[in-house]
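A.B. asks: First, the structure itself, so that you have it in front of you.
The values are calculated or read from the model by the stated rules, or taken from the named source; none is laboratory data. Computed from a predicted model, the values in this text were never measured in an experiment. In this analysis, Cβ positions are derived from the backbone assuming ideal geometry, glycine residues included, and neighbour counts consider all displayed protein chains.
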Amino acid sequence: MNLFGSYDVVVTGAGSSGIVAAIRAAREGANVLLLEGTGFLGGLITGGRLTKPTGLINSKIFHEMLDRCVGYKGADGRVRESYWGKYTGTFDAEVMQRVIIEMVEEAGVEVLLRANVVQTVMKHSAVHGLIIRTKSGESLVLAKAFVDASGDGDVAALAGADFMLGREADGLTQPITSYFRVLNVNVPALIADCEANRADMWEVVYPKEAGNRNEDYAMAVLLTGFQQRIKDKVAEGFDWIIPKDHITMKTGLIPGEISVNVTRFQGNGLDDRDLSRAEIEIRKQAYCAFDFLQRYVKGFEDAIFLEVAPKLGIRETRRVTGQYILTEADVRGNKRFDDAIGLCNSPVDVHEPGGSRAIMDHVGIGYGIPYRCLVPLKLDNILMAGRCISVDEIAFGSTRNVPACTMTGEAVAIAAALAAKRGVSTSQISASEVQARLRELGVWLGTPGEDVPDVLKQAS
Ligand SMILES: Cc1cc2nc3c(=O)[nH]c(=O)nc-3n(C[C@H](O)[C@H](O)[C@H](O)COP(=O)(O)OP(=O)(O)OC[C@H]3O[C@@H](n4cnc5c(N)ncnc54)[C@H](O)[C@@H]3O)c2cc1C
């Protein structure tokens, strides 16, 4: 078989967690290959148009990415607040793509797009190589350490890792949702409509100092509700084909741009038939929601349907079982851990598997994510980052958010780069060494007794 190359660290998946992992590992001195199955960088945060990190940003690399987006006038750098907590940094997907390309190239990361990992090469329980499938055929990639940032835990699963999938009760995962974007919305009129119907809205966030132009609201508006309006219009005969009883929207960079989160497809994100059906059904739902908005919500009268996000919005697939499984009680109880690698205040955001509702619960000042959640049981030389880490089904509602994904990417990169530098396996690297480097970089770890950032202490 063709040998594609031999590296210090190979990161699979160029989503938010993989990008951060690849850049950090390279900055720590590793020779890094970043493998990605699609033809673009960013995964869900670019291709899925998931442009609002829910929670405060703690990863230093991701912070830098957002700062650079702000520099290009493509992100809102201010701290904002909703009922579920504080957050910062809504950004534009294409500006983010530009920043990612810039930072990956500056760090000297080698990128291979349209390369799917299809097999692992093992030496006993340690991952030694990957087989990738590309247009040219199959090739072997060797490395000293591997990071699985595939979102789906593909690499760990191929290596034989244990994993959890969906709810313990029935195996159902959170539904698949793709955002769709519309242009030419009259945002002040939309906000006035939401304010006039406040009882039907549970989230109306916008800059109170804003004026009466669409551009005053760019990247700074969040609206959730319309539950009663949907019910009423269905009673009047509107054919609402979407298994979700409310709508969430956010403004984008383009004046009058609104991204809508409402589609919902219940399926297994690892099943080919479900994935294919989801692509079609979600589009039909998006067209239905667009018709609803144009007819019944002020500001949408002259709206133009721009796109359904090109990357399917898969919320949940495998959660790879690690040395520790973070629990709902840990998250809600703001538990600190001796081996924590990041303080996380992302809310518990669970879209009801098989149902129409959602919860979005504030978690206070946050909890620590243990390093052990990134280390798969029984395997060596492979670490997990992003939405596939070891957590229970409710804790997942918090750790799947971008702030958490990027923290885990940064932590495993440090461990992988250190292992490669020393010529040892990742199991030889201790959590305390990773923590020491993160602390040096200024990351809030979430360890017992550690202080919290001022912004979290400030009363709302
Ligand atoms: C509808 C929806 C709304 C959301 N809203 C928010 C929100 O408001 N705020 C928030 O913070 N978070 C939100 N999230 C969650 C968040 O966007 C994701 O959980 C996060 O971006 C995942 O990052 P990741 O790097 O783990 O995975 P991904 O972004 O999924 O990246 C994984 C990458 O790996 C690649 N890949 C997969 N398998 C292979 C393979 N075998 N070989 C090579 N490459 C592979 C994929 O193509 C992909 O690019 C939302 C998610 C969805 C779906």
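A.B. asks: Out of all the residues in the range 268-290, which are assigned to a loop (DSSP other than H, G, I, E, B) and crowded, with 19+ Cβ neighbours inside 10 Å?
C.D. replies: Selection gives ASN268, GLY269.
A.B. asks: In the range 205-230, which residues are under 21 Å from GLN266 (Cβ atoms) and out of contact with any strand residue (DSSP E or B) (no Cβ under 6 Å at 6 or more places or on another chain)?
C.D. replies: GLN227, ILE230 - these are the residues of the range 205-230 that are under 21 Å from GLN266 (Cβ atoms) and out of contact with any strand residue (DSSP E or B) (no Cβ under 6 Å at 6 or more places or on another chain).
A.B. asks: Can you tell me how many residues in the range 325-379 are farther than 24 Å from ASP148 by Cα, within 16 Å of the ligand (Cβ to nearest atom) and touching a Leu at 6+ places or on another chain (Cβ under 8 Å)?
C.D. replies: Of the residues in that region, 2 qualify.
A.B. asks: Please work out which one of (1) within 11 Å of the ligand (Cβ to nearest atom); (2) more than 30 Å from ALA286 (Cβ to Cβ) is the condition TYR179 fails and give its number.
C.D. replies: For TYR179, the failing item is (2).
A.B. asks: Just for the range 118-136: of the residues that are more than 22 Å from GLY386 (Cβ to Cβ) and of a type in the set (D, E, K, R), which one is farthest from the ligand (Cβ to nearest atom)?
C.D. replies: The extreme case among them is LYS123.
A.B. asks: Which count do you get for residues in the range 88-119 that are touching a residue at least 40 places away in the same chain (Cβ under 8 Å) and more than 20 Å from GLY47 (Cα to Cα)?
C.D. replies: Going through the range 88-119 one residue at a time, the tally reaches 5.
A.B. asks: What's the total number of residues in the range 394-409 that are in a helix (DSSP H, G or I) and in contact with a strand residue (DSSP E or B) (Cβ under 8 Å, 6 or more places away or on another chain)?
C.D. replies: The number of residues fulfilling the criteria is 11.
A.B. asks: Let me ask you something else. If we scan the range 405-427, do we find a residue that is away from the ligand (no atom under 13 Å from the Cβ) and closer than 25 Å to ALA358 by Cα?
C.D. replies: no
A.B. asks: Hey, any hits in the range 49-60 for a residue that's without any contact (Cβ under 8 Å) to a residue 40 or more places away in the chain and over 30 Å from VAL182 (Cβ atoms)?
C.D. replies: no
A.B. asks: Can you find a residue that is in contact with a Pro (Cβ under 9 Å, 6 or more places away or on another chain) and either assigned to a loop (DSSP other than H, G, I, E, B) or more than 20 Å from VAL147 (Cα to Cα) (or both) anywhere in the range 429-438?
C.D. replies: No, that holds for no residue.
A.B. asks: Also, I was wondering about something else. How about the range 30-47: which of its residues are within 6 Å of the ligand (Cβ to nearest atom) and not in a strand (DSSP E or B)?
C.D. replies: GLU36, GLY37, THR38, GLY43, LEU44, ILE45
A.B. asks: I would also like to ask the following. When you scan the range 5-29, how many residues do you find that are surrounded by fewer than 24 Cβ atoms within 10 Å (Cβ to Cβ) and within 6 Å of the ligand (Cβ to nearest atom)?
C.D. replies: Counting residues in the range 5-29 that are surrounded by fewer than 24 Cβ atoms within 10 Å (Cβ to Cβ) and within 6 Å of the ligand (Cβ to nearest atom) gives 0.
A.B. asks: Sort out which residues of the range 291-325 are among the small types (Gly, Ala, Ser) and either surrounded by fewer than 20 Cβ atoms within 10 Å (Cβ to Cβ) or closer than 14 Å to PHE180 by Cα (or both), and write them in order of number.
C.D. replies: ALA303, ALA309, GLY313, listed by residue number.
A.B. asks: Tell me yes or no: at least one residue of the range 60-79 is assigned by TED's automatic domain parsing to the domain that holds GLY129, modelled with pLDDT under 95, part of a loop (DSSP other than H, G, I, E, B) and not acidic (Asp, Glu).
C.D. replies: Yes.
A.B. asks: If TYR72 meets every condition in (1) of a type outside the set (D, E, K, R); (2) more than 11 Å from the ligand (Cβ to nearest atom); (3) touching a Gly at 6+ places or on another chain (Cβ under 9 Å) apart from one, which number is that one?
C.D. replies: Unmet for TYR72, out of (1) of a type outside the set (D, E, K, R); (2) more than 11 Å from the ligand (Cβ to nearest atom); (3) touching a Gly at 6+ places or on another chain (Cβ under 9 Å): (3).
A.B. asks: State which residue is nearest to PRO376 (Cα to Cα) when the search covers only the range 137-165 and only residues that are away from the ligand (no atom under 15 Å from the Cβ) and in a loop (DSSP other than H, G, I, E, B).
C.D. replies: By that ranking, first place goes to ASP162.
A.B. asks: Please go through the range 138-160 and give me each residue that is among the hydroxyl-bearing types (Ser, Thr, Tyr) and surrounded by 24 or more Cβ atoms within 10 Å (Cβ to Cβ), ordered by number.
C.D. replies: Hit for the range 138-160 is SER150, nothing else.
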